[in-house]
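Novice: Have a look at this one before I ask anything.
The values are calculated or read from the model by the stated rules, or taken from the named source; none is laboratory data. Please read all numbers here as calculations on a predicted model, not as lab measurements. As a convention, Cβ positions derive from the backbone with ideal geometry for all residues, glycine included, and neighbour counts pool all protein chains shown.
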Amino acid sequence: MLIAISATESSVRANVDGRFGRCKHFMIFDTETSIFTPLENKAQFASGGAGIQAAQAIQNSGATVVLTGNVGPNAFTTLTAADIEIYVGASGTLQEAIRNFQAGTYKKAMGATVESKHGPA
Amino acid sequence: MMSTFEKNKPLVIAVASGKGGTGKTTVAVNLARTIRFAHIFDCDVEEPNVHLFLKPKITARQRVEVKVPKIDMHRCNLCRACADFCTYNALAVMPREVLVFPEICHSCGGCMLVCPQDAIREVGYEIGALEKGSIGTIGFTHGILHTGKPVGIPIIKKVKEQVGTSGIAIIDAPPGTSCAMVESVEGSDFCILVTEPTPFGLNDLKLAVEALCLLKIPFGVVINRSGVGNDDVRTYCAQEEIPVVMELPDDIRIARAYARGETILDALPEYRPLFTGLYDRIKELCRPGGKL
């Protein structure tokens, strides 16, 4: 399973970026191999629709789970249409986020957790 | 500059400002009341407020729609050409469907053109409304952008389509110098820039002056709440040879009337000559061979 985590930098030592659409990078974690693959979030500079663009990039990456802080309405709709599960409330380092996710700490988002254009969490 | 007293052509006077809350609507409404046979157009579609003062009888209402794409999933092969083209990310191609986000769409029609499957057609998407009416001899039109809809420009365009072929049109523009302000004042014969004699007022006045110079629209300045602040606006106007077409004093009674939703002409008729003078001054400045 591939897990996409919104991250502050392209590094295994990065922290979770609380924003989904406008995070700097996604770090794609493969649960089989425990390897991280970085994916730059080109949507971070979009004038609008960042969440939609980021969600399409996640879908192309093959990830089926997203770990992030919050998710806006358009990102939620787009990820859901791609059958990608979204877990919100993540923070701290990527390793902590993965551990917490596997321990079942984060709740699955059943809708947007913030409004459009929410910005920094 | 433009000659304005041609036959079959209205005299269009826009009221704008850089800074918000300087008194655009106060000036527009009282000028309309002074001219009596004017038609007032409230182009501040995000927050129209002329109706609060003129209390018009609304006689017609129409929906304002923009065109947004609709995907025919029987034809679509999920090729992504549309989503790749859309610079606003209003389309998302997902495994089973194409998502359309109408509130993000700018109605450019590009997705329809690039679709190799001919699977996209345009459908209407309501973003607001247009209301028309009158108060005595004054005509009234305003646009309303529905809450949550981000782009009011199409509504401003619709409001301005209602400007007749004769008579006097007064356009109450939205504040600032953004697209909405430019759309509202464009094509006007004269623009009144309302400001207040404060550093904020002056800063934003300069921005509005720059915009109007680019648009090549003749303009003059109304100094509202004259008596507060400092003399910098007056000095600036003198230096730049910008006519100050009216000064409205800082009078607590004007603020009280405003708060009650009354026009100055009704509440404080002693100010009528000031507005008559404003109208005369504008006519003088617009006349062929006038100062501008």
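Novice: Pick out the one residue from B:ILE144, B:ILE168 that is under 15 Å from B:ASP44 (Cα atoms), of a type in the set (Val, Ile, Thr) and touching a strand residue (DSSP E or B) at 6+ places or on another chain (Cβ under 7 Å).
Specialist: That would be B:ILE144, the only listed residue that is under 15 Å from B:ASP44 (Cα atoms), of a type in the set (Val, Ile, Thr) and touching a strand residue (DSSP E or B) at 6+ places or on another chain (Cβ under 7 Å).
Novice: Would you pick out the residues in the range A:77-102 that are surrounded by 24 or more Cβ atoms within 10 Å (Cβ to Cβ) and either within 13 Å of chain B (Cβ to nearest Cβ) or of a type in the set (Ser, Thr, Tyr) (or both)?
Specialist: Matches in the range A:77-102: A:THR78, A:LEU79.
Novice: On the given criteria, is A:THR105 surrounded by 13 or more Cβ atoms within 10 Å (Cβ to Cβ), of a type in the set (Val, Ile, Thr) and free of Cβ contacts under 8 Å to residues at least 24 places away in the same chain?
Specialist: Numbers: surrounded by 13 or more Cβ atoms within 10 Å (Cβ to Cβ): yes; of a type in the set (Val, Ile, Thr): yes; free of Cβ contacts under 8 Å to residues at least 24 places away in the same chain: yes.
Spelling it out, A:THR105 is indeed surrounded by 13 or more Cβ atoms within 10 Å (Cβ to Cβ), of a type in the set (Val, Ile, Thr) and free of Cβ contacts under 8 Å to residues at least 24 places away in the same chain.
Novice: Identify, please: which residue in the range A:22-74 is farther than 17 Å from A:ILE84 by Cβ and acidic (Asp, Glu) and is, among those, surrounded by the most Cβ atoms within 10 Å (Cβ to Cβ)?
Specialist: Filtering first and then ranking leaves A:GLU40.
Novice: Oh, and also: I'd like the residue in the range B:108-152 that is within 14 Å of chain A (Cβ to nearest Cβ) and at pLDDT below 95 and, out of all such residues, is nearest to the chain's Cα centre (by Cα).
Specialist: First pass over the range B:108-152, keeping only residues within 14 Å of chain A (Cβ to nearest Cβ): B:108, B:111, B:147-151.
Right, trim to at pLDDT below 95 and you get B:108, B:147-151.
Details: B:CYS108: 22, B:THR147: 18, B:GLY148: 19, B:LYS149: 17, B:PRO150: 16, B:VAL151: 13 Å.
Only one residue tops the list, namely B:VAL151.
Novice: Taking the stated definitions as given, is A:ARG19 surrounded by fewer than 20 Cβ atoms within 10 Å (Cβ to Cβ), touching a Ser or Thr at 6+ places or on another chain (Cβ under 8 Å) and assigned to a loop (DSSP other than H, G, I, E, B)? If you could, list the steps in order and put the result at the bottom.
Specialist: Numbers: surrounded by fewer than 20 Cβ atoms within 10 Å (Cβ to Cβ): no; touching a Ser or Thr at 6+ places or on another chain (Cβ under 8 Å): yes; assigned to a loop (DSSP other than H, G, I, E, B): yes.
The answer is no for A:ARG19.
Novice: May I pose another question? Would you confirm, using the coordinates I've provided, whether B:CYS76 is surrounded by 15 or more Cβ atoms within 10 Å (Cβ to Cβ), assigned to a loop (DSSP other than H, G, I, E, B), in contact with a strand residue (DSSP E or B) (Cβ under 7 Å, 6 or more places away or on another chain) and without any contact (Cβ under 8 Å) to a residue 60 or more places away in the chain?
Specialist: So B:CYS76 fits the description; yes.
Novice: Looking for whichever is in contact with a helix residue (DSSP H, G or I) (Cβ under 7 Å, 6 or more places away or on another chain) and at negative phi here; the options are A:ALA112, A:ALA81. Which one fits?
Specialist: A:ALA112
Novice: When the residues of the range B:84-98 are narrowed to those that are closer than 16 Å to A:ALA75 by Cβ and not in a loop (DSSP other than H, G, I, E, B), which ends up nearest to the other protein chains (Cβ to nearest Cβ)?
Specialist: Residue satisfying both the conditions and the ranking: B:ALA92.
Novice: Sticking with this one: For the range B:255-263, check the following and say yes or no: at least one residue is among the polar types (S, T, N, Q) and touching a helix residue (DSSP H, G or I) at 6+ places or on another chain (Cβ under 7 Å).
Specialist: Yes, some residue in the range B:255-263 is among the polar types (S, T, N, Q) and touching a helix residue (DSSP H, G or I) at 6+ places or on another chain (Cβ under 7 Å).
Novice: In the range A:38-48, what count of residues is obtained for those that are part of a loop (DSSP other than H, G, I, E, B), of a type in the set (Gly, Ala, Ser) and in contact with a helix residue (DSSP H, G or I) (Cβ under 8 Å, 6 or more places away or on another chain)?
Specialist: 1
Residue by residue, here is whether (1) without any contact (Cβ under 8 Å) to a residue 60 or more places away in the chain; (2) within 18 Å of A:HIS118 (Cβ to Cβ) holds:
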{"position": "A:SER11", "(1), (2)": "yes, no"}
{"position": "A:PHE29", "(1), (2)": "no, no"}
{"position": "A:GLU32", "(1), (2)": "yes, no"}
{"position": "A:PHE36", "(1), (2)": "yes, no"}
{"position": "A:ILE52", "(1), (2)": "yes, yes"}
{"position": "A:VAL71", "(1), (2)": "yes, yes"}
{"position": "A:LEU79", "(1), (2)": "yes, yes"}
{"position": "A:ALA82", "(1), (2)": "yes, no"}
{"position": "A:TYR87", "(1), (2)": "yes, yes"}
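Novice: Which members of the range B:195-244 meet the condition of being free of Cβ contacts under 8 Å to residues at least 24 places away in the same chain and surrounded by 13 or more Cβ atoms within 10 Å (Cβ to Cβ)?
Specialist: B:CYS237
Novice: Has the range B:159-167 got at least one residue that is at pLDDT 95 or above and within 27 Å of B:ASP250 (Cβ to Cβ)?
Specialist: No: zero hits.
Novice: Scanning the range B:177-194 for residues that are assigned to a helix (DSSP H, G or I) and either over 13 Å from the mean Cα position of the chain (by Cα) or not polar (S, T, N, Q) (or both), which turns out surrounded by the most Cβ atoms within 10 Å (Cβ to Cβ)?
Specialist: So the first thing to find is which residues in the range B:177-194 are assigned to a helix (DSSP H, G or I), and the list is B:179-185.
Next, from what is left, pick out any that are either over 13 Å from the mean Cα position of the chain (by Cα) or not polar (S, T, N, Q) (or both): B:179-183, B:185.
Numbers: B:CYS179: 13, B:ALA180: 22, B:MET181: 26, B:VAL182: 18, B:GLU183: 21, B:VAL185: 29.
Among residues in the range B:177-194 that are assigned to a helix (DSSP H, G or I) and either over 13 Å from the mean Cα position of the chain (by Cα) or not polar (S, T, N, Q) (or both), the one surrounded by the most Cβ atoms within 10 Å (Cβ to Cβ) is B:VAL185.
Novice: Of everything in the range A:25-37 that's assigned to a strand (DSSP E or B) and farther than 20 Å from A:VAL88 by Cα, which residue is nearest to the other protein chains (Cβ to nearest Cβ)?
Specialist: A:THR37
Novice: For the range A:1-15, give me the residue count where each residue is assigned to a strand (DSSP E or B) and either surrounded by 23 or more Cβ atoms within 10 Å (Cβ to Cβ) or of a type in the set (Lys, Arg) (or both). Step through it out loud before you land on a result.
Specialist: First, pick out the residues of the range A:1-15 that are assigned to a strand (DSSP E or B): A:2-7, A:15.
From what's left, either surrounded by 23 or more Cβ atoms within 10 Å (Cβ to Cβ) or of a type in the set (Lys, Arg) (or both): A:3-7.
Qualifying residue count, the range A:1-15: 5.
Novice: For the list (1) within 34 Å of the chain's Cα centre (by Cα); (2) at pLDDT 95 or above; (3) outside any strand (DSSP E or B), I need the number of the one condition that B:PRO102 fails.
Specialist: Failed condition: (2).
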